Amino acid sequence: MVKFTSNRLLLFGATGDLSRRMLLPSLCALNAEGLLDPQIEIIGTARSEMDDQGFRAFARQSLEQFLPAERRGGLATFLNRLTYQPLDATDPGGFAALAEKVGKPEQGLSIFLSTAPSLFEPTIRGLAACGLANERCRIGLEKPLGTDLESSKHINDAVASAFPEDRIFRIDHYLGKETVQNLLALRFGNLLFEPLWNAAHIDHVQITVSETVGLESRVGYYDDSGALRDMVQNHMLQLLALLAMEPPVSYDATNVRDEKVKVLRSLRAVADGETVIGQYRAGAIAGQAVPGYDEELGKPSNTETFVAIKAHIDNWRWKGVPFYLRTGKRMPRRTTEIVVQFRQVPHSIFSGRGARTVPNLLVIGIQPEENITLSLMAKVPGLDRNGFALRSVPLAITMPDAFAGPQRRIAYERLLLDLIEGDQTLFVRRDEVEAQWTWIDAIRALWAEQHLEARTYTAGSWGPSAAIALAERDGISWHE
């Protein structure tokens, strides 16, 4: 593997929504902090017909809308880095003009591919034909990378025909979030947790990813995908893998991803009764009435907007520990949260005094707030007849309070910088993707075999009542 820092970044889909909201603001913020090489050039390409000045005007408007003013330092310098070349990826003849615009990438070219899945193959062929897939070129791939294992392999084979694995950067933007990376720091930078991070001391784990929004602009994609493929297959399984993996030999791309894929391959096939799917009906979010899924879609559908799963990892560390996963749209609040519940103390010395202990909880908030809270039992100050009252109290780390500097970074800032510099640690390897799809495909096959119907839940609630029962059968309540 030849490691190099790119002096050119080529953005496919440069006029799309992801570029407006995430990519251009991330690059501008990196530029403002001096993290981009002063010589780097950023070339945008898409079907839209515009010239360099038109793209710069588009970028300025996007930055003013989506990036706080205090993070736009050196805006004029950043805009001058931008150039643009229109391209229809289905027209092989257009790639020659793109290659001419990019120039010879002797110092390295990073390509960010954010296009419709149907354009992946013609784009890869065009890049290879015009000389933009040589040993000084690498490519970042935005999801979705397929809809099942077979289609994922088809896409990965097409990419591998022009780029070897060490120059392919599959993006899961959750891995760019600060608190997700803090999972590794929390586990492997502190002696406190690792001796307890196993089935002997942990009772269960919950991972929740909830959204208040409905379909928004994703109508066509989401109805073909559903919550399982949209959220569980990538984001949630990556969180689970980071949470459950063995200590890697070192913090580098090979060792970290080796350990993650072991977890994904250890996932037990989900059994009958271990999943619940739902679809929201009309209700209210933050006091505002919202329509049901069918009304938003404009037709009846059985696509799940909510899924809850009881998962198991069959290895020595986690045997017998349930992992409860749930995700849904039109839920009461937007949150991504991991809850690790430790086992109860084996014997309470305070029971004779009427004091009740509760298990310790480690709660890792990923969004919208980034924080880590560990609840511990403590004596309530004061006097009572029994002489002892206990209460669970939190030890909390709130990232903005603990660290100076910009805390609410866009996840793509980290990922774009790593793509430019060639660090694959926070990107997903092919065998990880295929292990994820293998597990997801088995769940979908189970649903098809059972003719499972999505249960309705009211928008603004925490999903179908069956999802509550899924955990409560084991004496567990969802953390809310």
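The values are calculated or read from the model by the stated rules, or taken from the named source; none is laboratory data. These numbers come from a predicted model, not from an experiment. Because the Cβ atoms are built from the backbone with ideal geometry, glycine has one as well, and the counts that use them run over all protein chains shown. Calculation scope for accessible area: heavy atoms of the full protein, side chains included, ligands and nucleic acids excluded. Shrake-Rupley method; radii C 1.70, N 1.55, O 1.52, S 1.80 Å.
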Return the total of residues in segment 409-439 being in contact with a Lys or Arg (Cβ under 9 Å, 6 or more places away or on another chain), of a type outside the set (F, W, Y), closer than 29 Å to D272 by Cα and crowded, with 21+ Cβ neighbours inside 10 Å. 3
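Kindly indicate the residue of segment 193-207 that is touching a helix residue (DSSP H, G or I) at 6+ places or on another chain (Cβ under 9 Å) and open to solvent by 10 Å² or more (accessible area, probe 1.4 Å) and also modelled with the highest pLDDT among those meeting that condition.
H201
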Flagged in segment 245-276 as closer than 25 Å to T147 by Cα, among the aliphatic types (A, V, I, L, M), in a helix (DSSP H, G or I) and in contact (Cβ under 8 Å) with a residue 60 or more places away in the chain, in numbering order, are V261, L264
Options S48, S62, S19, S26: the member that is of a type in the set (S, T, Y), surrounded by fewer than 19 Cβ atoms within 10 Å (Cβ to Cβ) and either outside any loop (DSSP other than H, G, I, E, B) or without any contact (Cβ under 8 Å) to a residue 60 or more places away in the chain (or both): S48
Every residue in segment 282-326 that is of a type in the set (D, E, K, R) and over 24 Å from V263 (Cβ atoms), please. D294, E295, E296, K299, E304
Sole residue being under 22 Å from L426 (Cα atoms) and over 16 Å from the mean Cα position of the chain (by Cα), chosen from E150, E165: E165
Just to confirm my filter: which strands (runs of 3 or more DSSP E) fall fully inside segment 284-376 and include at least 2 residues that are under 23 Å from the mean Cα position of the chain (by Cα) and more than 28 Å from T398 (Cβ to Cβ)? 306-311
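Conditions (1) open to solvent by 30 Å² or more (accessible area, probe 1.4 Å); (2) of a type in the set (S, T, Y); (3) out of contact with any Gly (no Cβ under 7 Å at 6 or more places or on another chain), marked per residue:
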position: N80; (1), (2), (3): yes, no, yes
position: D88; (1), (2), (3): yes, no, no
position: A97; (1), (2), (3): yes, no, yes
position: F120; (1), (2), (3): no, no, yes
position: R138; (1), (2), (3): no, no, no
position: L141; (1), (2), (3): no, no, yes
position: G146; (1), (2), (3): no, no, yes
Subset of segment 208-226, residues closer than 14 Å to T336 by Cα and either open to solvent by 60 Å² or more (accessible area, probe 1.4 Å) or part of a strand (DSSP E or B) (or both), comes to T208, V209, S210
